[in-house]
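See below for the structure under consideration.
The values are calculated or read from the model by the stated rules, or taken from the named source; none is laboratory data. These numbers were taken from a predicted model, which means no experiment stands behind them. Note that each Cβ is placed from the backbone with ideal geometry, even for glycine, and that neighbours are counted across all protein chains shown. When the accessible area is computed, the model is the full protein with side chains, heavy atoms only, and any ligands, DNA or RNA have been set aside. Shrake-Rupley method; radii C 1.70, N 1.55, O 1.52, S 1.80 Å.
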Amino acid sequence: MIIVLKSGASDAQVEDVCHRITAMGYSPHTIRGALRTVIGAVGDDRGKDALRSLESLECVESVTPILKPFKLASREVRDEPTQIKVGDVTIGGRSLVVMAGPCSVESRPQLLEAAEKVKAAGAHVLRGGAFKPRTSPYAFQGLEDDGLKLLAEARRETGLPVVTEVMEPEKVDIVAEHADILQVGARNVQNFPLLRRVGDAGKPVLLKRGMATTIQEWLLSAEYVLARGNPNVILCERGIRTFEASTRFTLDLNAVPTVKQLSHLPILVDPSHGTGHWQYVEAMAMAGIAAGADGLIIEVHPRPEEALSDGPQSLKPERFKALMQRVRRVAQAMDRDL
Ligand code: PEP
Ligand code: MN
């Protein structure tokens, strides 16, 4: 249910309403907008009639049901776009955010070279996987804890915040110690214990769309994180499975305007996994920004031919630099900065 407070409701009144909501067995999520405060009461649908009685309070304007199955992720609860701050970077504002780096952290020289080069080209966040979800158990699985240490070192060297994937609930604490943003990958988008755990970790979460996940299912996954009291979820469209075999996945750019209409959460586009071929990455990066995305996540490797994962879709640093210049022109056409 959405409890809309009258404009001018005092902090004490907001607290009182939250107390009452908690006493009814719901968890209150307060969203302070420019004009009014709205409280989302989230919990078991069965007690919703009790919540309606809040309408008799002086400070309450209305109590209405949230119609969408996802509640806190919905525009019904919050119409203003969510902006997420990571160091000096704001995700979801007028300025686009570009995250770039290798698919996997492979070695100290590889990561530091990639980090310096993506920074020089204008990237805002460094990506790199330490724990890798590989289709084959015989493929490179990542440097694991040592990879996390290298990411932390690359952040110290470059000042770039770091995003990296976490695959298991038991690893969330150690990943959160080293990274600025926790990535939940496509294969784990419905790993509900993991979603709950990253919801508790106090760090922003980059939630990739599953390759066979509808937009509604994906927003319900975001809801798991939000419902734990972590409002900082960044969505990422990375391609879905279709019958088309020319590309690795089919980048579903329909998701960008659809998510923008349904949700206040920021959304990035991943043209690297979305296409699987470096040759198509620049075109789909530009298309993602033209569709209204808040930024990009792109795989860049100093020597893609030597990459231990996703080399065929990784850009060389100089191609990434050229991509940034072209995307900047699309950003201008979209009234965004880069
Ligand atoms: C990745 O970012 O390297 C990755 C494995 O992505 P996805 O979960 O989208 O496949
Ligand atoms: Mn990858």
Quiz item: Rounded to the nearest 5, what is the percent of antiparallel bridges among the DSSP beta bridges in segment 181-304?
Solution: 10
Quiz item: Anyone know which of Arg187, Arg209, Arg156 comes out most mobile in the 10 Å Cα GNM of the chain?
Solution: Arg156
Quiz item: Between Pro137, Pro271, Pro81, which gets the highest mean-square fluctuation from a Gaussian network model of the chain, Cα cutoff 10 Å?
Solution: Pro137
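What is the calculated FRET efficiency for Glu55 to Met334, with r their C-beta to C-beta distance and R₀ = 35 Å, to the nearest 0.05?
Details: r = 41 Å, r/R0 = 1.18.
After rounding to 0.05, the efficiency reads 0.25.
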Quiz item: Among the lysines, which fall within straight-line cross-link reach of Lys6, defined as a Cα-Cα distance under 23 Å, with same-chain neighbours fewer than 8 residues apart omitted?
Solution: Lys48, Lys71
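Based only on Cα atoms, what mean projected area does the convex hull of the chain have, in nm²?
17.3
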Quiz prompt | Selected from Ser136, Ser309, Ser263 as most flexible by GNM, with the chain as the system and alpha-carbon contacts under 10 Å | solution = Ser136
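How much length is gained on full extension from Asp79 to Ala152, taking 0.36 nm per residue of separation minus their Cα-Cα distance?
Values: separation 73, 0.36 × 73 = 26.28 nm, distance 3.55 nm.
Full extension of this stretch gives 22.7 nm more.
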Quiz item: Tell me which lysines have Cα within less than 22 Å of Lys132's Cα, excluding those fewer than 8 residues away on the same chain?
Solution: Lys149, Lys171, Lys203, Lys208, Lys316
Self-check item: 4 °C / 1.567 mPa s Stokes-Einstein diffusion coefficient of segment 2-64, Kirkwood radius on C-alpha pairs, µm²/s
Solution: 113
Exercise. Enter the accessible area per residue of the chain (Å², integer; probe 1.4 Å; all protein chains in place).
Key: 43
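Counting only protein heavy atoms and using a 1.4 Å probe, what share of the accessible area of the chain belongs to carbon plus sulfur, as a whole percent?
50
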Quiz item: How much solvent-accessible surface does Lys321 expose, in Å² to the nearest 10, with a 1.4 Å probe and all protein chains in place?
Solution: 110
Quiz item: If R0 is 41 Å, what FRET efficiency do you get for Gln261 and Arg108 from their C-beta distance, rounded to 0.05?
Solution: 0.40
Quiz prompt | Residue-averaged 222 nm ellipticity for the chain, from DSSP H runs of 4+ at -39500 (n - 2.57), nearest 500 | solution = -10500 deg cm²/dmol
Practice problem: Please give, to one decimal in nm, the separation of the simple spin-label points placed at His19 and Arg46, each 7 Å out from Cα toward the Cβ. | Solution: 2.8
Self-check item: Accessible surface of Phe249 - all protein chains present, 1.4 Å probe, nearest 10 Å²
Solution: 10
Quiz item: Tilt of helix 317-333 relative to the longest C-alpha principal axis of the chain, in degrees (0 to 90, nearest 10)?
Solution: 40
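Treat segment 132-233 as a sphere of radius equal to its Kirkwood radius over Cα pairs and apply Stokes-Einstein at 4 °C in a medium of 1.567 mPa s; give the translational diffusion coefficient in µm²/s, rounded to a whole number.
Working: Rh = 14.0 Å.
D = 93 µm²/s.
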Practice problem: Would you mind classifying segment 233-338 by shape? Square roots of the alpha carbon gyration tensor eigenvalues, ordered a ≥ b ≥ c; an a/c under 1.5 is rounded, otherwise it is prolate if a/b is larger than b/c and oblate if not. | Solution: oblate
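Could you tell me what percent of the DSSP beta bridges with both partners in segment 84-333 are antiparallel, to the nearest 5?
Values: 4 of 30 bridges.
Restricted to segment 84-333, the bridges split so that about 15 percent are antiparallel.
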